[in-house]
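Q: What follows is a single structure, and I will ask about it in a moment.
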Amino acid sequence: MSVRPGAGVVAGAAPRATGAGDGVAAPLVVGVFASGGGTNLQALIDRVDPAVARIGLVLADRPDAYALERGRAAGARPVVIPVAGRDEDEVAAETLAALRDAGVGLIALAGYIRLVPPAVVRCYAGRILNIHPALLPGFGGKGMFGHHVHEAVLAARCRVSGPTVHLVDEQYDRGPIVAQWPVPVHDGDTAETLAARVLRVEHLLYPAVVEAAARALAAGGDVTSLRCRYPAAFAAAAEPDAAGVRAALGLS
Ligand code: GRF
């Protein structure tokens, strides 16, 4: 595909006026890609301002991904596009068709363990975000998902970990970093206890960044220029709240 979402080939890629000339911008449609339970998807559903962005599509690579149920319950279109053992061009074509049909203008990966096909990355350049449960560029790359990430952090005896939100390119967990939030590693942590501490912050960080990205696109800007502050003043807070996260990142 040669035309990009911003150029209008994807209906809804840019916020449009709704109704008969009422001048009210429609929320940006977000497509969420997931492979698993989708608690980050749920956080986006619950916490992103629906006037700014709505989750219109949930795309999974497996039919038993619980994220599909969460999406369905929230009125998003569930789509399953298997990847394993399939031709990359075919996967890309199906993915782009699903994105176009749902009018997706911004993609948020939320526990999607597949590589986004290069054709999709090119078509949605600067419009794909991912959340990773460690401080990139460490502890990322192929095979670094779920408990593997937290086990590697503990094996390296890190004192700090935490989620990273970044723009997606054609490799796993690479691409410019948009936001990070430091989370302490405690003595005696297991992969499970650390994962739970990081995940609580993911559920606050990702909605704040996805909403800010949607606002930037609605204002005619782009996500590549979005770079959140280091949340120094709030980093010590074990349980930051949603307003505190936005304020610390400079997004409020
Ligand atoms: C999260 O830890 C996220 O950082 C990573 O995959 C996990 C997905 O968890 N990319 P969930 O499905 O959102 O609960």
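Q: Using modelled amide H (1.01 Å from N, peptide plane; none on Pro or chain starts), what sits under 5 Å from the amide H of residue 161, excluding residues fewer than 5 places away?
A: Residues meeting the criterion, in which the H sits 1.01 Å from N, are 183, 185.
Q: If I stretch the segment between residue 88 and residue 243 completely, what's the gain in nm (0.36 nm per residue apart, minus their alpha carbon distance), one decimal?
A: On the way: separation 155, 0.36 × 155 = 55.80 nm, distance 4.11 nm.
Gain on extension, residue 88 to residue 243, equals 51.7 nm.
Q: Here's something else I'd like to know. What residues qualify as long-range amide H neighbours of residue 33, i.e. H under 5 Å apart, gap of 5 or more or another chain, H built at 1.01 Å from N?
A: Those qualifying (amide H under 5 Å, at least 5 residues apart or on another chain) are 59, 108, 109, 110.
Q: Okay, moving on. Could you look at the chain and say what percent of its accessible area is carbon and sulfur, using a 1.4 Å probe and all protein chains?
A: Heavy-atom surface of the chain belonging to carbon and sulfur, 1.4 Å probe: 54 percent.
Q: Given the C-alpha centroids of the range 172-220 and the range 38-107, what is the distance between them in whole angstrom?
A: Taking the Cα centre of each part, the range 172-220 and the range 38-107 sit 19 Å apart.
Q: Rolling a 1.4 Å sphere over the protein heavy atoms, what is the accessible area per residue of the range 28-248, to the nearest Å²?
A: I get 43 Å² per residue for this part.
Q: Cut-off 10 angstrom, C-alpha nodes, Gaussian network model of the chain. Which of 27, 78, 184 fluctuates the most?
A: Highest fluctuation among the options: 184.
Q: Normalised by the number of residues in the chain, what is the relative contact order in percent for Cα pairs under 8 Å and 6+ residues apart?
A: About 17 percent, as a whole number.
The values are calculated or read from the model by the stated rules, or taken from the named source; none is laboratory data. Predicted model, so just to flag it, every value in this text is computed and none were measured. Ligands, DNA and RNA are excluded from the accessible area calculation, which covers all protein heavy atoms including side chains. Shrake-Rupley method; radii C 1.70, N 1.55, O 1.52, S 1.80 Å.
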